[in-house]
Amino acid sequence: MRLFNVVVATLAFSAFPVGANAQSLPDPEMFDPAKVIAGIEIDRSDCEKMEAKQTAVWVKVEGKGYCLRYYASGLNSNGPNPVVAAWVPGDVMGGPKSVGHQKGIGVSSMVAQSKSLSDRYGVPWIFVARPGSYGSAGKHYEIRHKPLEAKLVAAQIDALKERYRIGHWALGGHSGGGTLVAEFLARRDDIQCAVLSSAAAAYRERLKQRGFAKRLKSEVFFDPYDMLDQIPSQPDRRIFVLADPRETNIPFATQKLYFDGLKAKGHAAWMLPLEKALAPKYHSLVDFGEAATGMCANGTQTKAILQTLQGMPSQSERITN
């Protein structure tokens, strides 16, 4: 059930049979960093072709249509899908001309990644491509962290839920993707598991601690910390906050601030400090976030999840986030 009542979204995709191959299909399309900088545009007719390959949904928010991409594997071909694990990646731009996590990969590699994770954890898996990244329409640098992005990704998740008859989500995200997951905790009642990996869930405080306080006067953003009072009470929902205490991009103290807020409100939440991220920023814990999402989705006990994460090797070098 969608609670994101500030979103006015129209799901307008073509007729779609959920049959024997309800998975994303490999495709030679490669992601182009230059297009990420300029902004990605996909018209309705081209989006329909992607929908047919189960790699896109068309959503309409604030009067404009967007073709948003996803890469799925392991879905129950006949439906319903009671619990689906989904991953929301971090930002792919550190500046207006700086693009990472895109070069040398494309649709086929993303489908393969989702299949690997689905097979590993025995659950359906969907990689949710944020606007302007991993093939989704939009201008990533301008839309990231804005209320419009939250509305778009909420509509994207709703479209996927309808398309594949999904009951509940095990929703994980890294960095800016984790910020979105935290925001959705206050907007949805269909999240069974939430995993925040190096997330800016106290976004305003993160700007202050990083010395960016001047941006508070001009930047339009959403801050999940402001929404703690609106998170619905769900005793059976588990929330995991994963953070490296050495983190410099999103200070550890800001991540703990959000976690402390969750606990103060009585939510079932666990924070795991992991000195496992790579220097110099100690920011990426993607391997750990994916693992927690998959294990929570398949019903692994909390103690076993925490022990598994603590026993994993340090974060690997990787292209996707």
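The values are calculated or read from the model by the stated rules, or taken from the named source; none is laboratory data. Small disclaimer: the values here were computed from a predicted structure and weren't measured. No Cβ is skipped: glycine too gets one built from the backbone with ideal geometry, and neighbour counts run over all protein chains shown. Note: accessible area is taken over every heavy atom of the protein model, side chains too, but ligands, DNA and RNA are not part of it. Shrake-Rupley method; radii C 1.70, N 1.55, O 1.52, S 1.80 Å.
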Checklist outcome for this item: Simple spin-label estimate for Ala112/Asp236, 7 Å along Cα→Cβ, in nm, reads 3.8
Checklist entry - Whole-Hz Karplus ³J(HN,Hα) for region 244-257, in order, using 6.51 cos²θ - 1.76 cosθ + 1.60 and θ = phi - 60°, x for Gly and Pro? => result 8, x, 8, 3, 10, 6, 10, x, 3, 4, 6, 6, 5, 4
Checklist entry - Counting each DSSP H run of 4 or more residues in the chain as -39500 (n - 2.57), what helix-only mean residue ellipticity at 222 nm follows after dividing by all residues, to the nearest 500 deg cm²/dmol? => result -9500 deg cm²/dmol
Checklist entry - Ignoring ligands, DNA and RNA, how do Trp270, Trp169, Trp58 rank by accessible area with a 1.4 Å probe, largest first? => result Trp270, Trp58, Trp169
Checklist entry - If you line up the Cα atoms of region 188-321 on their principal axes, what length do they span on each, largest first, in Å? => result 44, 37, 24
Checklist entry - Who wins for biggest fluctuation among Glu247, Glu275, Glu29 in a Gaussian network model of the chain, springs between alpha carbons below 10 Å? => result Glu29
Next on the checklist: Students often forget the sequence filter, so: which aspartates and glutamates lie under 19 Å Cα-Cα from Lys103 once same-chain residues fewer than 8 apart are removed?
Outcome noted: Asp27, Glu29, Asp32, Glu41, Asp91, Glu317
Next on the checklist: Compute a Gaussian network model of the chain, connecting alpha carbons closer than 10 Å, and tell me which residue from Gly135, Gly266, Gly294 fluctuates the most.
Outcome noted: Gly266
Next on the checklist: Taking 45 Å as R0, compute the FRET efficiency from the Cβ-Cβ separation of Leu278 and Ser77 and round it to 0.05.
Outcome noted: 0.70
Checklist entry - Separation of region 105-163 and region 269-318 by C-alpha centroid, Å? => result 20
Checklist outcome for this item: Length gained, Ala34-Lys103, 0.36 nm per residue minus C-alpha separation, equals 23.9 nm
Checklist outcome for this item: Shape call for region 98-161, from the Cα gyration tensor axes a ≥ b ≥ c (a/c under 1.5 means rounded, otherwise prolate when a/b beats b/c, else oblate), comes out oblate
Checklist outcome for this item: Quick note, region 136-206: a/c under 1.5 would make it rounded; otherwise a/b > b/c is prolate and the rest oblate (a ≥ b ≥ c, C-alpha gyration tensor); here it is oblate
Checklist entry - Tell me, what HN-Hα J-couplings in whole Hz come from the Karplus equation 6.51 cos²θ - 1.76 cosθ + 1.60 at θ = phi - 60° for each residue of region 301-316, using x for Gly and Pro? => result 5, 4, 4, 5, 4, 4, 5, 4, 4, 5, x, 6, x, 4, 3, 7
Checklist outcome for this item: In nanometres, the difference between 0.36 nm per residue of separation and the alpha-carbon distance of Arg318 and Ser218 is 32.6 nm
Next on the checklist: Rounded, prolate or oblate, given the Cα gyration tensor of the chain, with a/c below 1.5 counting as rounded?
Outcome noted: rounded
Next on the checklist: Full-extension gain between Glu62 and Arg246, please, as 0.36 nm times their residue separation minus the C-alpha to C-alpha distance.
Outcome noted: 62.3 nm
Checklist entry - What residues have an amide H closer than 5 Å to that of Val195, excluding those fewer than 5 places away on the same chain, when H is modeled at 1.01 Å from N in the peptide plane? => result Leu171, Gly172, Gly173, Phe240
Item to check | For Ser133, residues with placed amide H under 5 Å, excluding near neighbours | outcome: none
Checklist entry - So what J values fall out for region 91-96 if you push phi through Karplus, 6.51 cos²θ - 1.76 cosθ + 1.60 with θ = phi - 60°, rounded to Hz, Gly and Pro as x? => result 4, 10, 9, x, x, x
Next on the checklist: I'd like the accessible area for Val92, computed on protein heavy atoms only with a 1.4 Å probe and all protein chains in place. Round to 10 Å², please.
Outcome noted: 0
Item to check | Residue among Ala170, Ala182, Ala38 with the largest mean-square fluctuation in a Gaussian network model of the chain, springs linking Cα atoms under 10 Å | outcome: Ala38
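Keeping all protein chains in place and using 1.4 angstrom, which order do Tyr225, Tyr121 fall into by accessible surface area, from largest down?
Highest to lowest solvent-accessible surface, that is Tyr225, Tyr121.
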